[in-house]
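Please read the structure below before turning to the comments.
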Amino acid sequence: MPKSRKKRPFAPLCELQLPSHCGPCSLSACLFILGITATQRQLAAAAGKPVSIFIHGVDERGLRRAARQFGVRSEFVLMEERSRGKEFARRLRLHLRQGNPAILLSNDFEHWVAVIGYLTKQRKFIIVDPKEKRAVFSRWSEATLLRRAWNEAKGPDSYEPSQYFAILLSRKDGQPPKWKISEAWLRLCERGSVDTAENMANDLAEIAALASPSTENIEEGPYLAEFLQEHEETILGSIIHWAGGNGDRTRSDLRTFYRDYTTVASSSGIRIAPNADTTLLVAQITAILSAYWWGARF
């Protein structure tokens, strides 16, 4: 077994596109935010272009077809006057504030990017560019978005008018997105953790389910993140008291990892039942952190 888990970024949002796969790759990132897993190859096939995409790419109709096959509703937003840019940004912002992602046409019809969230305080759109090798996310101001998302028709033979264009995505079943975008969540994904955010979310969901005797009223229960924040000192104090660690990790490392879990719990919106077994919750998270404290030997 490996001695420890290395820090790693948040896949699959870090997946770079295959040639001409910017559309399916951007759609893959958006589906991940919604809680649906699909690779760019699977989405290219669902769009009906598993081979020709390498030359021709996928247009908005193909992306809609692929999204539909994975249970996702799509809405086109098209504005042909550049003077309506602020209206376009406002429409996009309203959609993102509901937690839903979008795909944005950019670079004069040449490139699709995913828009996965909006940070209100910073007034920034969060972009996942499948061509970007240096960063997981980009943060665009409204001015940057309006400049990069304006697609200028070039030449008299252009078959498309100049335009702003986006595909707004949401789950057909009405369920909320899996991830809520926050600055803390973005930082966790960018710097990496000893585990992926997705694995951490799965661990926390299982912990919450085991500690909740009934899921009937779970939507009325408290958020798991609140519980983790409230019991942070108790859990960390117990680990430090009873376990000496293996010498490779400091108490600061332990607290950082714990707060990674708190960030993931907050961003994924996991709740526990009102009558959850809090003793079991403490025991489970203590067990996970103790394993990490002793060297993460799994």
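The values are calculated or read from the model by the stated rules, or taken from the named source; none is laboratory data. Predicted model, so just to flag it, every value in this text is computed and none were measured. No Cβ is skipped: glycine too gets one built from the backbone with ideal geometry, and neighbour counts run over all protein chains shown. Remember, those area values only see protein heavy atoms, side chains included, never the ligands or the DNA or RNA. Shrake-Rupley method; radii C 1.70, N 1.55, O 1.52, S 1.80 Å.
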The helices (runs of 4 or more DSSP H) lying entirely within the range 40-84 that contain at least 3 residues which are surrounded by 13 or more Cβ atoms within 10 Å (Cβ to Cβ) and under 20 Å from the mean Cα position of the chain (by Cα) are 40-46, 60-69
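Going by the conditions given, is ARG73 modelled with pLDDT of 95 or more, charged (D, E, K, R) and within 18 Å of LYS178 (Cα to Cα)?
Working: modelled with pLDDT of 95 or more: yes; charged (D, E, K, R): yes; within 18 Å of LYS178 (Cα to Cα): yes.
When the stated conditions are applied, ARG73 passes them.
I'd like to know if the range 128-139 contains one or more residues that are among the aliphatic types (A, V, I, L, M), within 22 Å of ALA67 (Cβ to Cβ) and modelled with pLDDT under 95.
Here is the first cut: in the range 128-139, the ones among the aliphatic types (A, V, I, L, M) are 128, 135-136.
Next cut, within 22 Å of ALA67 (Cβ to Cβ) only: 128.
Narrowing the set further to residues that are modelled with pLDDT under 95 leaves 128.
Among the residues of the range 128-139, at least one is among the aliphatic types (A, V, I, L, M), within 22 Å of ALA67 (Cβ to Cβ) and modelled with pLDDT under 95, which makes the answer yes.
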So in the range 151-171, with the set limited to residues that are touching a helix residue (DSSP H, G or I) at 6+ places or on another chain (Cβ under 8 Å) and within 21 Å of CYS30 (Cβ to Cβ), which one is most open to solvent (accessible area, probe 1.4 Å)? ARG171
Scan the range 108-145 residue by residue and report those that are closer than 21 Å to GLN98 by Cα, open to solvent by 30 Å² or more (accessible area, probe 1.4 Å) and not hydroxyl-bearing (Ser, Thr, Tyr). LYS121, GLN122, ARG123, LYS124, ARG139, GLU142
Identify all residues within the range 231-254 that are of a type in the set (D, E, K, R), surrounded by 12 or more Cβ atoms within 10 Å (Cβ to Cβ) and at pLDDT 90 or above; write none if there are none. GLU232
Just wondering, is there one or more residues in the range 93-104 that are at pLDDT 95 or above, surrounded by fewer than 14 Cβ atoms within 10 Å (Cβ to Cβ), more than 20 Å from the chain's Cα centre (by Cα) and assigned to a helix (DSSP H, G or I)? no
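In the range 115-130, which residues are outside any loop (DSSP other than H, G, I, E, B) and farther than 17 Å from LEU168 by Cα? Break it down stepwise before answering.
As a first pass, look at the range 115-130 and keep what is outside any loop (DSSP other than H, G, I, E, B): 115-119, 124-128.
Passing the criteria: LEU119, LYS124.
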